[in-house]
Amino acid sequence: MRSWVPSHITGFFAAKRSDDPKTSGSIGCGLALVLGATTSVEDALQTEIILNESSSDAPVSRYVVDRLAKSPVRVRTKLDMPLGSGFGASGAGALGCALALNAHFDLGLTADQAASVAHVAEVLSGTGLGDVIGQNTGGLVIRLEPGAPGIGRVDRIPVPPLKVNYVVSGPISTKDVLSDKARMKAVNEAGEAALKELLRRPTLREFMRLSRRFTVQAELASDWALDAIEAVEAVGGMASMVMLGDAVFAFGGLEALKSFGEVHSTTISQRGANLD
C-alpha cells in the first residue's frame, strides 16, 4: 500500500500560534502541485526512514512513526519536489507517512485524524505551519482558520489543472524566518491584509496579485527573485515568490524565467493526499 501527497507552495500567509500544536498553524493561500511524495511502509527489525534511496534522520516523519507505528517499520519516501525551497517536502513526507502507517497497521484513522499527526510534527519541528492542511485538501487552498486538519478551516478557489513554471535559486530556512519575531510582525500584517482582500474576490488572478504584493511587503525576497518576477510580468505572465524558499513560481513567462536558472514545469494538483 502506497500513499501519495502533493507538494504545496504558499503565496502569502500569517502565522497563528497557540500552546497547542493542533490549534497552531497559519492562514493564507497556496497551491497543491502534482510534484508529489510517494511513501510505502514495510515491517522491519528496526525502524528506518529512507528518503530518495538514502537513510535519513527525517525528524518530522520520525515523529509520525513514533506516534503511529505499532512495531518497527521501514518507511520509503520518494520526494519529487525541491527540498528546502518552500514546496512542503517535510510536510509531504510526514503526511504520506501517516497515511501509509494508517493503512499498514489498520489503525482506523480518518484522513483528517492521520493528517493531524503530521501537522503536529511540522509545528513542533518548526518546519511549517500550513502545508499539511493544504496538501490534505488539494487545489488552490484558502486557509481561513489555523490548525490541524479537522480543526483548521479551509476553502478552495476552483481552478483547472493549469501549468505552473518554477525556478529555484536555493533554500531559505523556514525555522529561522518563523522564529524571527521582528520579521514575522511584518509578515503577519501583510498576510492578514492579503487574505481579507482575497476573500472579496477569490480568483487565481487575485491570488497571484496579492502574493506578489505580499512578497514585497514581507521583505523576504532576494533581488534575484524580484528580478525574476518582474521579467515574467514584463511579458504578460503572473509570478510570485514561493514562501518560504528562494524560488519563483509563475503562470506564463517560461522564456523569461530561463534567464534566472533551470526552469521546471508542473501542474496544479486537483486532489489532495490519498492512497494510490
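The values are calculated or read from the model by the stated rules, or taken from the named source; none is laboratory data. The structure presented is a predicted model; accordingly, all values stated were derived computationally and were not measured. So basically every Cβ, Gly included, is an ideal-geometry build from the backbone, and we count neighbours across all protein chains shown. Calculation scope for accessible area: heavy atoms of the full protein, side chains included, ligands and nucleic acids excluded. Shrake-Rupley method; radii C 1.70, N 1.55, O 1.52, S 1.80 Å.
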Requiring at least 2 residues that are buried (at least 24 other Cβ atoms within 10 Å of the Cβ), the strands (runs of 3 or more DSSP E) wholly within segment 207-276 are 238-241, 246-251
Flagged in segment 140-165 as part of a loop (DSSP other than H, G, I, E, B), closer than 23 Å to V120 by Cα and either in contact with a Lys or Arg (Cβ under 8 Å, 6 or more places away or on another chain) or among the β-branched types (V, I, T) (or both), in numbering order, are P146, G147, A148, I151
Evaluate segment 27-44: report whether one residue or more is assigned to a loop (DSSP other than H, G, I, E, B), open to solvent by 20 Å² or more (accessible area, probe 1.4 Å) and of a type in the set (S, T, N, Q). no
Among (1) assigned to a helix (DSSP H, G or I); (2) open to solvent by 20 Å² or more (accessible area, probe 1.4 Å); (3) closer than 20 Å to L226 by Cβ, V168 falls short only on (1)
Of the conditions (1) among the β-branched types (V, I, T); (2) buried (at least 19 other Cβ atoms within 10 Å of the Cβ); (3) not in a helix (DSSP H, G or I), the single one that T23 does not satisfy is (2)
Pairs returned, first residue in segment 94-117 that is at positive phi, second residue that is modelled with pLDDT of 95 or more, beta-carbon separation under 9 angstrom, 6 or more apart or interchain, are G108/N102
Filtering segment 107-139 for residues that are surrounded by fewer than 24 Cβ atoms within 10 Å (Cβ to Cβ) and either among the acidic types (D, E) or assigned to a strand (DSSP E or B) (or both) leaves a count of 1
